[in-house]
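Novice: Mind looking over this structure? Questions follow.
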Amino acid sequence: MKIAKSMAILGLVCFASAANAAETLTVYSYRQAFLVEPILANFTKETGIDVDVVFSKKGIAERMMREGRLSPADIVLTSDFSRLMELVDKDLVIPVDSELLKANIPAKYRSREDNWYALTMRVRNIYSSKDRLGKLDIDYEDLADPKYKGKICTRSGKHPYNISLVASMIAHHGEAEAKTWLEGWKANLARKPQGNDRAQVKAVKEGMCDIAIGNSYYLGKMLQDPKQVPWAEAVEINFPNQDNRGSHINVSGMALAKYSKHKDNAIKLMEYLSGTAAQKNYAEINMEYPVKADVKPSDLVASWGEFKADELPIFKLAEYHNAAVRLLDEVKFDL
């Protein structure tokens, strides 16, 4: 597989060439416009390279397969790791050899083959009712503890966020033990899996359950929405497995489209997205954890406290993705 190589020279500042100005990059994005557009506008302002974005909640991989070599996509932005794996599995992206990307993004947050790079991190948190449970010292394994029977709410097990969590459990415990855990978690559900992560926190507020599973940044987003502030204020945010392996991490990310017509400029955009300015925007606008080590989280996110993250490399989750989906089917988690 051909590797696209960055020709950027660090420390050298140059004006956008006429060729750059004539090119327009096309980004296919699972990420929402409110987050992506300000960052891309700044990129255009700095480089003179225009960017068009196609936003979609689903179906980007299928679209690229239909388009084949005629696809206009240069870069794909994903909201989770599973979407990155789908692009790789369907041979829709190619590796990028960039020293700047490797300097900005730690090895555990990028592919071993350099065919995708993480942009942000989020924790799969366990939220608990402030009034009924308070702050908890809890592990993901505890979701199967009978003492929580009828007290847990979650979205569909087949959602990429939960598939990744199950994959991490397989990585740490093996399939047999992970299946037993998954059966125990299902037995403790207060209702059939439904809704999104925010809906689970709302359910805690309404007394339907005492524990909810949700990504960290949703708490920040709820605290910015006057209608949802009461939901957020009804829960404690807990970082699981702090006394052992650390909390499960999922990532958003980016990849270079296989049939990009503007590879050099596409790589420039990827490098920009990994840089300090863009990483700060991700942190402040969407309450996510930057992957660039020297960029701090927002003040609100920092107020939740420091935590120990699972050191399992994100790319290892790919090895257990299919097994996770199979276990979810076997235990009929969503039924």
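The values are calculated or read from the model by the stated rules, or taken from the named source; none is laboratory data. Model, not experiment: these values are computed from the prediction. FYI the Cβ positions are ideal-geometry reconstructions off the backbone, even for glycines, and counts take in every protein chain you see. When the accessible area is computed, the model is the full protein with side chains, heavy atoms only, and any ligands, DNA or RNA have been set aside. Shrake-Rupley method; radii C 1.70, N 1.55, O 1.52, S 1.80 Å.
Novice: What is the calculated FRET efficiency for GLN194 to ALA33, with r their C-beta to C-beta distance and R₀ = 30 Å, to the nearest 0.05?
Specialist: 0.70
Novice: A further question on this structure: Checking a compactness column here: for region 46-86, what do you get for Rg(Cα) / (2.2 N^0.38 Å), N being the number of residues?
Specialist: 1.31
Novice: Just how large is the dipole of the chain about the Cα centre, in debye to the nearest 20, putting +1 at every Lys and Arg Cβ and -1 at every Asp and Glu Cβ?
Specialist: It comes to approximately 640 debye.
Novice: If you work out Rg and Dmax of the Cα atoms in Å from the coordinates, which of (1) 19.5, 61; (2) 22.8, 73; (3) 20.4, 66 do you get?
Specialist: From the options (1) 19.5, 61; (2) 22.8, 73; (3) 20.4, 66, the structure gives (3).
Novice: Using a Gaussian network model on the chain with a 10 Å cutoff between Cα atoms, which of SER79, SER216, SER56 fluctuates the most?
Specialist: SER56
Novice: If R0 is 30 Å, what FRET efficiency do you get for SER303 and GLU206 from their C-beta distance, rounded to 0.05?
Specialist: Once rounded, the FRET efficiency stands at 0.75.
Novice: If the cut-off is a Cα-Cα distance under 16 Å, which aspartates and glutamates reach LYS332, setting aside same-chain residues fewer than 8 apart in sequence?
Specialist: GLU175, GLU183
Novice: With an 8 Å Cα cut-off and a minimum separation of 6 or more residues, compute the relative contact order for the chain in percent.
Specialist: Computed value for the chain: 27 percent relative contact order.
Novice: Take the solvent-accessible surface of the protein heavy atoms, probe 1.4 Å, and return the percent of it on the chain that carbon and sulfur atoms account for.
Specialist: Of the solvent-accessible surface of the chain, carbon and sulfur hold 53 percent.
Novice: Which length gain, in nm to one decimal place, applies between VAL53 and LYS261 when the Cα-Cα distance is subtracted from 0.36 nm times their residue separation?
Specialist: 73.4 nm
Novice: Probe radius 1.4 Å, ligands and nucleic acids left out: which of LEU25, LEU136 has the largest accessible area, and how do the rest follow?
Specialist: Correct descending sequence by accessible area is LEU136, LEU25.
Novice: Comparing ASN281, ASN42, ASN188, which has the greatest mean-square fluctuation in the GNM of the chain with Cα pairs linked when under 10 Å apart?
Specialist: Looking only at ASN281, ASN42, ASN188, the biggest GNM fluctuation is shown by ASN42.
Novice: Which of the DSSP-defined H helices in the chain satisfy a minimum axial length of 20 Å, computed from C-alpha atoms, and a minimum mean Kyte-Doolittle hydropathy of -1.0?
Specialist: Qualifying helices, which must be both long enough and hydrophobic enough, are 33-47.
Novice: Counting other Cβ atoms within 10 Å of each Cβ, which trypsin sites (Lys or Arg not before Pro) in region 206-245 have at most 12 and sit in a DSSP loop?
Specialist: Qualifying residues, ordered by number: LYS227.
Novice: Continuing with this model, one more query. Holding the Cα-Cα limit at 32 Å, pick out from LYS221/LYS308; LYS149/LYS227; LYS149/LYS292; LYS45/LYS261 the pairs that are longer than that.
Specialist: As for pairs spanning more than 32 Å Cα to Cα, those are LYS149/LYS292.
Novice: About its Cα centre, how strong a charge dipole does region 105-211 have in debye, to the nearest 20, once Lys and Arg get +1 and Asp and Glu get -1 at the Cβ?
Specialist: 500 debye
Novice: Using a probe radius of 1.4 Å on heavy atoms only, what accessible surface per residue do you get for the chain? Whole Å² is fine.
Specialist: Counting only protein heavy atoms, the per-residue value for the chain is 44 Å².
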